[in-house]
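> This is the structure, below, for whatever I ask next.
The values are calculated or read from the model by the stated rules, or taken from the named source; none is laboratory data. Only a predicted model underlies this, so the values are computations on that prediction, with no experimental measurement involved. Every residue, glycine as well, gets a Cβ built from its backbone with ideal geometry; the counts of neighbours run over all protein chains shown. Each accessible area value is taken on the protein alone, full model and side chains, heavy atoms only, with ligands, DNA and RNA left out. Shrake-Rupley method; radii C 1.70, N 1.55, O 1.52, S 1.80 Å.
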Amino acid sequence: MKVLVCGGAGYIGSHTCVALIEQGHEVVIYDNLCHGSLSAVDHIRQLSGADVRFVQGDVRDKAALESVLSSGFDAVVHFAALKIMSESCRLPLLYFDNNVAGTIALLQAMQATGVHRLVFSSTAAVYGDPDVVPIKEDAPLRACNPYSHTKLVMERLIQELCEARPSFSAAILRYFNPAGAHPSGLMGEDTGGVPSNLMPYVSQVAAGMQDRLHVFGGDYPTRDGTGVRDYIHVMDLADAHTKALDVLRVGGCHVLNIGTGRGYSVLEVVSAFERISGRRVPYEIVDRRPGDVAEVWADPSHAQETLGWHAQHDLLRMCADAWRWQSMHPHGYQSAQVIELRQAMPSGSCR
Ligand code: UD1
């Protein structure tokens, strides 16, 4: 298939581009470089050996999307969204504009150009604080911050379009906690400074870039009192996207949990990381972080049945690949060229 990857220069997008090309698909990347990076595009080309076309553009720019899509595409994979929960609480309008208005523009452009297949990047954050774990796809949806609300609205837009236009098919992938990096160490998550997610923060502590990890809460009703999450290797996520694309050949609208089905506590992640890196990860237990919940992990059986997909990488592998990326790119993709490009972008294109 010829596939437009919106947000393909970002963390999960870049790994998915390489996986798609390895499966024989032709990829065009569309990204505004707000969080994505040209270095990621270079590494996609290097790792895949393909001369991938890159188009700098914003997902809210319907005319630009139509112009790209009009050259004839079979499918779109849509990652182009803002995703920082705390930022979304400060900037809800920006989040709804970028995420929801961007998805409307993309769907309109797809309709106008006759592109009918979509793989959409959603999140387990739509479940909020679940009543039971493991979580199945039909669990109550309890988005509880602007970021997860935007994802719910984006999911609903896609589902409504599938209902209204049976020729339109979609796979909505609800990721649990993405972690790890490409095994080459060439691609990974560029957090652009101090990370807010656990695994990149632990990597920076192990590398000596942060003093210690603040463990948010030691009094949760879990096996060691710290929060439990379902960490999923970014290579497994990428693989889920390629399999979802295959399933869309026969149509439908699928909502799928993408997780391992196993939860690890914060302290278990720390201990795995110490083992892999051979470094100490000092930590201090502090107050709970507002909005956090005790335990979240997936029932991924629907993805297994529908896509024939299951996670192949375990926690130690996630830590090993995250550590390799951290060691090879202590400051992410940061380079003079990327900084210059970011500065040259029109104001308001990101925030
Ligand atoms: C977070 C986001 C969620 C997003 C997901 C994946 C919040 C509340 N939720 O989920 O919207 O979909 O990332 O990007 O931000 N922890 C620490 N110390 C830290 C960082 C994290 O103890 O410095 C703990 C957390 O309390 C949690 C676990 O580590 O128990 C995982 O945290 P994190 O990586 O931020 O992911 P989530 O909170 O699950």
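> Taking only the stretch 267-299 into account, find how many residues are more than 10 Å from the ligand (Cβ to nearest atom), open to solvent by less than 30 Å² (accessible area, probe 1.4 Å) and among the hydrophobic types (A, V, I, L, M, F, W, C).
4
> Answer yes if at least one residue in the stretch 156-168 is among the β-branched types (Val, Ile, Thr) and within 15 Å of the ligand (Cβ to nearest atom), and no otherwise. Walk me through how you get there before you give the answer.
Let us first name the residues in the stretch 156-168 that are among the β-branched types (Val, Ile, Thr), namely 158.
Subset that is within 15 Å of the ligand (Cβ to nearest atom): none.
No, the stretch 156-168 contains no residue that is among the β-branched types (Val, Ile, Thr) and within 15 Å of the ligand (Cβ to nearest atom).
> Tally up the residues in the stretch 188-199 that are within 8 Å of the ligand (Cβ to nearest atom), out of contact with any Cys (no Cβ under 9 Å at 6 or more places or on another chain) and either at pLDDT 95 or above or not hydroxyl-bearing (Ser, Thr, Tyr) (or both), please.
Looking only at the stretch 188-199, we keep the residues that are within 8 Å of the ligand (Cβ to nearest atom), and these are 195-199.
In the following step, the residues that additionally are out of contact with any Cys (no Cβ under 9 Å at 6 or more places or on another chain) were identified as 195-198.
With the extra rule that they be either at pLDDT 95 or above or not hydroxyl-bearing (Ser, Thr, Tyr) (or both), the set shrinks to 195, 197-198.
Final tally of qualifying residues: 3.
> Restrict the check to the stretch 240-247 and report whether at least one residue is more than 10 Å from the ligand (Cβ to nearest atom) and either over 24 Å from the mean Cα position of the chain (by Cα) or open to solvent by 30 Å² or more (accessible area, probe 1.4 Å) (or both).
Residues of the stretch 240-247 that are more than 10 Å from the ligand (Cβ to nearest atom), as a first pass: 240-247.
Restricting the remaining residues to those that are either over 24 Å from the mean Cα position of the chain (by Cα) or open to solvent by 30 Å² or more (accessible area, probe 1.4 Å) (or both) gives 243, 246.
Looking through the stretch 240-247, at least one residue is more than 10 Å from the ligand (Cβ to nearest atom) and either over 24 Å from the mean Cα position of the chain (by Cα) or open to solvent by 30 Å² or more (accessible area, probe 1.4 Å) (or both).
> How many residues, within the stretch 138-172, are part of a helix (DSSP H, G or I) and hydrophobic (A, V, I, L, M, F, W, C)?
Number satisfying all stated conditions: 8.
> Give the residues of the stretch 85-110 that are among the polar types (S, T, N, Q) and within 23 Å of residue 191 (Cα to Cα), sorted by residue number. Explain how you work it out, then say what you get.
Here is the first cut: in the stretch 85-110, the residues among the polar types (S, T, N, Q) are 86, 88, 98-99, 103, 108.
Selection gives 86, 88, 98, 99.
> Among the listed residues 224, 236, 211, 219, identify the single one that is modelled with pLDDT of 95 or more, more than 9 Å from the ligand (Cβ to nearest atom) and in contact with a strand residue (DSSP E or B) (Cβ under 6 Å, 6 or more places away or on another chain).
After applying the criteria, what remains is 224.
> Let me ask something additional. Can you name the condition, by its number, that residue 27 falls short on among (1) out of contact with any Lys or Arg (no Cβ under 9 Å at 6 or more places or on another chain); (2) open to solvent by less than 20 Å² (accessible area, probe 1.4 Å); (3) within 22 Å of residue 111 (Cα to Cα); (4) not small (Gly, Ala, Ser)?
Of the numbered conditions (1) out of contact with any Lys or Arg (no Cβ under 9 Å at 6 or more places or on another chain); (2) open to solvent by less than 20 Å² (accessible area, probe 1.4 Å); (3) within 22 Å of residue 111 (Cα to Cα); (4) not small (Gly, Ala, Ser), the odd one out for residue 27 is (1).
> While we're looking at this one, here's another question. Considering the stretch 178-201 alone, what residues qualify as being among the polar types (S, T, N, Q) and either without any contact (Cβ under 8 Å) to a residue 12 or more places away in the chain or crowded, with 23+ Cβ neighbours inside 10 Å (or both)?
Quick first cut of the stretch 178-201, residues among the polar types (S, T, N, Q) only: 184, 191, 196-197.
Once the filter is applied, which keeps residues that are among the polar types (S, T, N, Q) and either without any contact (Cβ under 8 Å) to a residue 12 or more places away in the chain or crowded, with 23+ Cβ neighbours inside 10 Å (or both), the stretch 178-201 yields nothing.
Here's the yes/no breakdown for (1) without any contact (Cβ under 8 Å) to a residue 60 or more places away in the chain; (2) open to solvent by 10 Å² or more (accessible area, probe 1.4 Å); (3) over 21 Å from residue 60 (Cβ atoms):
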| position | (1), (2), (3) |
| --- | --- |
| 109 | yes, no, no |
| 113 | yes, yes, no |
| 132 | yes, yes, yes |
| 135 | no, no, yes |
| 138 | yes, yes, yes |
| 141 | yes, yes, yes |
| 145 | no, yes, yes |
| 152 | yes, yes, no |
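> Moving to a separate point now. Restricting the first residue to the stretch 207-230 and requiring it to be at positive phi and in contact (Cβ under 8 Å) with a residue 60 or more places away in the chain, which pairs with a second residue that is near the ligand (Cβ under 6 Å from one of its atoms) and open to solvent by less than 60 Å² (accessible area, probe 1.4 Å) meet a Cβ separation below 7 Å and a spacing of at least six or different chains?
If the second residue must be near the ligand (Cβ under 6 Å from one of its atoms) and open to solvent by less than 60 Å² (accessible area, probe 1.4 Å), the pairs left are 217/227; 217/292.
> Could you tell me which numbered condition residue 185 fails, if it satisfies all but one of (1) at pLDDT 95 or above; (2) at negative phi; (3) small (Gly, Ala, Ser)?
Exception for residue 185: condition (2).
> Moving to a separate point now. Condition test on residue 42, is it within 18 Å of residue 188 (Cβ to Cβ), charged (D, E, K, R) and modelled with pLDDT of 95 or more? Give the derivation first.
On the way: within 18 Å of residue 188 (Cβ to Cβ): yes; charged (D, E, K, R): yes; modelled with pLDDT of 95 or more: yes.
Yes.
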